[in-house]
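**Student:** Below are the structure tokens for one structure; questions will follow.
What follows is calculated from the coordinates using simple rules that are stated; it is not laboratory data. Bear in mind that the values here come from a model prediction, so they are computed numbers and not experimental data. Neighbour counts run over all protein chains shown; Cβ positions are idealised from the backbone, glycine included.
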Amino acid sequence: MSTPPLAAPAASAGAVPVAPGLAVVVLALLLSIQPVTTDLYLPALPALTRALGAPVAAGQLTLSALLLAFGCSQLVWGPLADRFGRRPVLLAGLCIYAVASVGSALAPSMALLIAWRTAQGAAMGAVVMCARAIVRDLYTPLVGARAMSKALTGLGLVACLCAPLGGLLTEWLGWRAALLALTAYALGTLALVALRMPETLALRNPRALQPATLLRTWGLVLRHPTFWAYSLLTTAAYGGLFTFLAASSFVFIEVLGLTRTQYGWVLLSTALAYFTGTFVCRALLARHGLRRTVALAGALSISGGTLMALVAWMGWHQPWALLLPFYLFMLGHGIHQPCGQTGAVGPFPQAAGVASALNGFMMMLAAFAIGGWVGTHLNGTIWPLVHGVWFWSAALALIAWTLVQKFGDPHEHA
């Protein structure tokens, strides 16, 4: 059966047509706000912690508080987007984000910086949630996975640039310049959305914010097995990635002896593997469809996690020995995320905002828990990183091969 073109119409009749190129560019910018917000400022974290005279734990809170606000806020933004449309929520989120970015850059104390970063995380929730919902507005699930894959290719490219750019800005102009760069990104994205991106929601739900309707909609989404299959898939995939992000700086720098510059190249190389995975995703979708593609990606994930564990157990505690198998995991991640994020909202054309919000909340809740686990298990060895990635790779493969295969058709199990 031939694959429909990327410009296929939305499943909802009456949706405003958007040029495929514009849609992909806007989606890439909206989704990339997450790595921009986290990765760009990471090289500045030690400098800003010292400059504000704060303990390291307080500096880490600028990331964990942001992620918690990001996850929780989506539960509010989702119903708002279903009630008023994607465009007003997007514009509000980008405006709040830009203001919070300026506040972060000018913050005179760590307490205020944490407060502004929390506001930034809440605003980021509106942006990313709307991006996922827009995919459902414009495309059927299979075509949406291909569109999401293209947008996440752009995210991969941005992620490759963020850490080096953040390091250069911090070195040349100071840590406040790295935070101001987030403002420039937000304003540029805001201008594009305001000037070029129309409303994509064909039919607003005037009752979306009523408590009874909201509870009924949440129940509809949470009772749907397809939502759980793909949301657990994306959560496990992000769990493996976030375990690596949370533990890798300690492991590669403190345990394995890399310099901070060399560690920057490590992050760049993993982002390139993810970038490649998004291209592989589109090729597999065209040939095998959604569920088969996820199953093949599950093989990549479990292979990467298991090989990483094997080389560690064999005593090969070298950066390259851990990275080579992790590239397989990141290839799989580049497939699981576009497939999972579109599959989770696929059955809900009239409640895509709520479905997207619940999916995002699950991923960020897992990230917050993983951050706490990593913080208490780092012990001067590579094992927390290795065991964490292996655990999530096994969970990911299990979900891809069972739940997604059984419940992964968004048009079934209604």
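**Student:** Calculated FRET efficiency, Ala369 and Ala191, Cβ-Cβ r, R0 51 Å, to nearest 0.05?
**Tutor:** Numbers: r = 37 Å, r/R0 = 0.72.
After rounding, the FRET efficiency stands at 0.90.
**Student:** Residue by residue through the stretch 309-326, which ³J(HN,Hα) values in whole Hz follow from phi under the Karplus form 6.51 cos²θ - 1.76 cosθ + 1.60 (θ = phi - 60°), with glycine and proline marked x?
**Tutor:** Result, rounded to whole Hz: 5, 5, 5, 5, 5, 7, x, 7, 8, 10, x, 5, 5, 7, 6, 4, x, 5.
**Student:** Same structure again: Explain nothing, just the number: relative contact order of the chain, from Cα pairs under 8 Å at least 6 residues apart, as a whole percent.
**Tutor:** 27 percent
**Student:** Shifting gears a bit: Considering all alpha-carbon pairs of the stretch 20-198, what whole percent are spaced by more than 27 angstrom?
**Tutor:** 25 percent
**Student:** If you build the Cα gyration tensor of the chain and take the root of 5 times each eigenvalue, what three semi-axes come out, in whole angstrom, biggest first?
**Tutor:** 32, 27, 18
**Student:** Among residues other than Leu48 whose Cβ falls under 14 Å from its Cβ, what is the net charge (Lys/Arg +1, Asp/Glu -1)? Spell out each step's value before the answer.
**Tutor:** Values: positive: Arg50, Arg117, Arg176; negative: Glu171.
Its environment carries a net charge of +2.
**Student:** Using only the C-alpha atoms of the stretch 224-409, find the volume of their convex hull and express it per residue in Å³.
**Tutor:** Value for the stretch 224-409: 102 Å³ per residue.
**Student:** At what distance in angstrom do the alpha carbon centres of the stretch 239-298 and the stretch 174-234 lie from each other?
**Tutor:** Centre-to-centre distance over Cα atoms comes out at 25 Å.
**Student:** For the stretch 148-264, count the residues as N, evaluate 2.2 N^0.38 Å, and divide the Cα radius of gyration by that value, please.
**Tutor:** Dividing the Cα Rg of the stretch 148-264 by 2.2 N^0.38 Å gives 1.53.
**Student:** Working out 0.36 nm times the residue gap between Leu209 and Arg292, then minus their Cα-Cα distance, what length gain in nm do you get to one decimal? Don't skip to the end; give the middle numbers.
**Tutor:** Values: separation 83, 0.36 × 83 = 29.88 nm, distance 3.72 nm.
Here the segment from Leu209 to Arg292 would lengthen by 26.2 nm.
**Student:** I need the shape label for the stretch 201-332. Rule: rounded when a/c is under 1.5, else prolate if a/b > b/c, else oblate, with a, b, c from the alpha carbon gyration tensor.
**Tutor:** Numbers: a/c = 2.55, a/b = 1.95, b/c = 1.31.
Since a/c reaches 1.5 and a/b is larger than b/c, the shape of the stretch 201-332 is classed as prolate.
**Student:** Okay, helix-only estimate at 222 nm for the chain: each DSSP H run of n ≥ 4 adds -39500 (n - 2.57), divide by all residues, round to 500 deg cm²/dmol; what do you get?
**Tutor:** Calculated from helices alone, the mean residue ellipticity at 222 nm is -27500 deg cm²/dmol.
**Student:** Considering the convex hull of the alpha carbon atoms of the stretch 241-303, report its projected area averaged over all viewing directions, in nm², one decimal.
**Tutor:** Value for the stretch 241-303: 4.9 nm².
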